[in-house]
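Trainee: I'd like to ask you about the structure that follows.
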Amino acid sequence: MAMDRKSKEALREVAEGRFGKAAAAVVAEYRGLTVASLTELRKELRKVNAEFRIVKNRVAKKAVLGKAESAKEIADSLKGPVGIAFLYGDAAAGAKALTEFEKNNELFKITAGVMDAKKLSAKDVKAIASLPSREVLLGQIVGLMVSPHRGLLGVVNAVPRSLVQVINQIKEKKQ
């Protein structure tokens, strides 16, 4: 079914908006997947603040080369039956959901991605997926910042504790 120019421009603007909002975008080939499996992927991505959209390649290319400057690196990856996963929240969580889906569905194949205006290969997307989530990383940083203070507190408390133990031992000997 042919689309008129206004419809294509509207789709392009929507795609530009999605690229603008997304922290990262991943291009994946979906040839041969059933509607049910794509629906399952969309459900999993919604849980991590991401979405998978099938956009006409030409419309997506125009959006990428137009106002969505941060994503123009993936323009050459928009060939064949591909969909785009827009990762709005934690990019690692979205990449993890995509790679899990890829493991369970051999017809789904991650081909490329873009993050911070840098092109990512499928290998890079998998590396991002292996990272811990943002919350875990923040917890590790806080733990690293607190650990020297804990050690200092232990040393400072050891002196009075030792003094009390010595006094208690002297008291017990006199009794």
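Trainee: Applying the Karplus parametrisation 6.51 cos²θ - 1.76 cosθ + 1.60 with θ = phi - 60° to the phi angles of region 49-58, what ³J(HN,Hα) value in whole Hz is obtained for each residue in order, glycine and proline being reported as x?
Mentor: Once θ is set to phi - 60°, the couplings for region 49-58 become 6, 8, 8, 10, 10, 9, 10, 4, 4, 5 Hz.
Trainee: How big is the Kirkwood radius of region 133-175, worked out from every pair of different alpha carbons and given in Å to one decimal?
Mentor: It works out to 13.0 Å.
Trainee: Further, regarding this structure: Where the only charges are on Cβ atoms (+1 Lys, Arg; -1 Asp, Glu), what is the dipole of the chain about its Cα centre, to the nearest 20 debye?
Mentor: The calculated dipole for the chain is roughly 180 debye.
Trainee: Give Lys8/Lys119; Lys6/Lys47; Lys8/Lys103; Lys21/Lys103; Lys8/Lys79; Lys43/Lys118 a once-over and call out the pairs whose C-alpha atoms are over 24 Å from each other.
Mentor: Violating the 24 Å limit, Cα to Cα: Lys8/Lys119; Lys6/Lys47; Lys8/Lys103; Lys21/Lys103; Lys43/Lys118.
Trainee: Please compute the contact order of region 1-116 in relative form: average sequence separation of alpha-carbon pairs under 8 Å and at least six residues apart, divided by the residue count, as a percent.
Mentor: Taking the mean separation of contacting Cα pairs over the length of region 1-116, I get 42 percent.
Trainee: Taking every pair of Cα atoms in region 5-131, average 1/r, invert it to obtain the Kirkwood radius, and report Rg/Rh to two decimals. All intermediate terms of the calculation are to be shown ahead of the outcome.
Mentor: Values: Rg = 13.3 Å, Rh = 14.2 Å.
My calculation of the ratio gives 0.94.
All of the numbers you see were taken from the coordinates with simple rules; none came from a lab. As the structure is a computational prediction, the values presented were derived from the model and not from experiment. Cβ sites come from the backbone with ideal geometry, for glycine too, and all protein chains shown count toward neighbours.
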